[in-house]
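A short worksheet on the structure shown next.
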Amino acid sequence: MRSNQRDLRLAQSTKGRIVALLRTGPQTVRALAQELGLTENAVRTHLADLDRDKIVRQGPDQKGHRKPFQTFEITEEAEHSFSRAYPGVLETLVGLLETKLPPEELNEILCQVGRNLAARHPEVAYGSIEERAENAVTKLNALGGSGRVEKDGEDLVIKTNGCPLKGLTAKHPNCCCIAASMLDQLIGSDVKDECEHGPNPKCRFRVPMHVTSPESRRTEK
């Protein structure tokens, strides 16, 4: 609810109106000012804020009578964030697969998703196991986690204050293996899922300190 209220406030604000106009295509400062009834300096101030937040960026120059005009456009990252379809579609897909596939086969598919995510970040799988664990957590956090690495006896433990896949794992706990297999592949250790399940899941992954080669694990799996 709070997220929806925040999105509504943004949409109704001047910045939100600028974003809505830019989603139709690149716009010049003059065009935005005329459409919104603002001065060009006021529009530039809002654009600077949006650029700082990586919502807009400089777009292609637009031809003018004497010189080209600078335009602004929505960043790809911001455009993706506007979609609300992903969680519902993904949850529906997993629920359908659960009715169609044996548990073992579905689990292997979900784990392969995690390994494929890890394959996007080959630069992470280098250094000591502690360094790899820290680097892997940054990738987990980029997906929406809030994780940290702690020492627990002879092991490392990765904990988060929430779950980046909460929309999935709250109803489909087996989806924890997506994050576990991603971390396993990046760190090069047999990561164990010790997550808290339920309505408010929290991630907890145990990382044995014995070291294997992440590169060889990628070729094995």
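Some observations on this one:
- For the pair the range 178-211 and the range 27-81, the centres of their Cα atoms are 43 angstrom apart.
- Karplus-derived HN-Hα couplings along the range 16-33 (A = 6.51, B = -1.76, C = 1.60, θ = phi - 60°), whole Hz, x at Gly and Pro: x, 5, 5, 4, 4, 5, 5, 5, 7, x, x, 9, 7, 4, 4, 5, 5, 4
- Choice from H172, H65, H46 showing the highest fluctuation, given a GNM over the chain with Cα pairs closer than 10 Å: H65
- Gaussian network model of the chain, springs between alpha carbon atoms under 10 Å - residue of I18, I109, I187 with greatest fluctuation: I18
- Normalised contact order of the chain, rounded percent, pairs of Cα under 8 Å and 6 or more residues apart: 14 percent
- Between H65 and R84, the simple spin-label model (points 7 angstrom out along Cα→Cβ) gives 4.5 nm.
- Overall, the anisotropy analysis places the chain in the prolate class: the square-rooted eigenvalues a ≥ b ≥ c of its C-alpha gyration tensor yield a/c not less than 1.5, with a/b exceeding b/c.
- Share of carbon and sulfur in the accessible area of the chain stands at 52%, probe radius 1.4 Å.
- The slack in the chain from N161 to T14, taken as 0.36 nm per residue of separation less the alpha-carbon distance, amounts to 49.5 nm.
- Accessible area of the chain divided out per residue, in Å², using a probe of 1.4 angstrom: 60 Å²
The values are calculated or read from the model by the stated rules, or taken from the named source; none is laboratory data. What you see is a predicted model, and the numbers here were worked out from it, not measured in a lab. Because the Cβ atoms are built from the backbone with ideal geometry, glycine has one as well, and the counts that use them run over all protein chains shown. Ligands, DNA and RNA are stripped out before the accessible areas are found, and what is left, the full protein with its side chains, is counted by its heavy atoms. Shrake-Rupley method; radii C 1.70, N 1.55, O 1.52, S 1.80 Å.
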